[in-house]
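Enquirer: Just passing along the structure, written as structure tokens.
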Amino acid sequence: MEFPVIVASVIVVSLYVNLGIALYGIFARPSLVKKLLAITILSDTANAFAVLVGYRWPRTGTPQPPVLMNTTDYNESIKYYVEHAVDPLPQALVLTAIVIGLAVTLFIAFIIIQYYRLHGTVDVRKTKALSR
């Protein structure tokens, strides 16, 4: 196995582990705060997966930023760029998702604080017992 294949395998396995942890936290934990943390882990895992999908392992050398460095020989520059440059679209989408995720996380945290003020607990099971 080549080095990039091993690294990619470790990254993919860690993404699956993070996905499992996030889903466990969302569905099995009764605390709303733990659910919020699990949703944040899930969001970060999705962002890491998007970056991994957009990453391009070069055949030779190291990956290059998506910037054309040499404009004198245009055809050679494009050929080198296509073989070595990382796709910038997933990176831009992840930056946008991070900002939106931060806003949504803060909004949900505010809702959890208000929920605690009304019910005196963030445990969903206790709230269900209060409503009966």
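The values are calculated or read from the model by the stated rules, or taken from the named source; none is laboratory data. Because the structure is predicted, anything quoted here is derived from the model rather than measured. Virtual Cβ from ideal backbone geometry, glycine too; neighbours counted across all protein chains shown.
Enquirer: Out of Ser31, Ser77, I need the residue that is small (Gly, Ala, Ser), modelled with pLDDT under 90, surrounded by 10 or more Cβ atoms within 10 Å (Cβ to Cβ) and over 23 Å from Val7 (Cβ atoms). Which one?
Expert: Ser77
Enquirer: State which residue pairs qualify: first residue in contact (Cβ under 8 Å) with a residue 24 or more places away in the chain and within 13 Å of Val124 (Cα to Cα) and inside the range 23-37, second residue loosely packed, with under 14 Cβ neighbours inside 10 Å and not aliphatic (A, V, I, L, M) in any location, beta carbons under 7 Å apart, and separation of 6 or more residues or different chains.
Expert: Here the result reads Pro30/Arg125, each pair linking the range 23-37 to a residue that is loosely packed, with under 14 Cβ neighbours inside 10 Å and not aliphatic (A, V, I, L, M).
Enquirer: Exactly one of (1) hydrophobic (A, V, I, L, M, F, W, C); (2) over 11 Å from the mean Cα position of the chain (by Cα); (3) at pLDDT 85 or above is unmet by Met69. Its number?
Expert: Exception for Met69: condition (3).
Enquirer: What about Ala92, is it of a type in the set (A, V, I, L, M), within 21 Å of the chain's Cα centre (by Cα) and surrounded by 15 or more Cβ atoms within 10 Å (Cβ to Cβ)?
Expert: Against the criterion (of a type in the set (A, V, I, L, M), within 21 Å of the chain's Cα centre (by Cα) and surrounded by 15 or more Cβ atoms within 10 Å (Cβ to Cβ)), Ala92 does not qualify.
Enquirer: Continuing with this model, one more query. Do we have Val53 as hydrophobic (A, V, I, L, M, F, W, C), surrounded by fewer than 13 Cβ atoms within 10 Å (Cβ to Cβ), modelled with pLDDT under 85 and more than 21 Å from the chain's Cα centre (by Cα) here?
Expert: Considered against the rule, which asks whether it is hydrophobic (A, V, I, L, M, F, W, C), surrounded by fewer than 13 Cβ atoms within 10 Å (Cβ to Cβ), modelled with pLDDT under 85 and more than 21 Å from the chain's Cα centre (by Cα), Val53 comes out as no.
Enquirer: Please verify whether the range 6-20 includes one or more residues that are in a helix (DSSP H, G or I) and more than 30 Å from Ala85 (Cα to Cα).
Expert: Yes, that holds for at least one residue.
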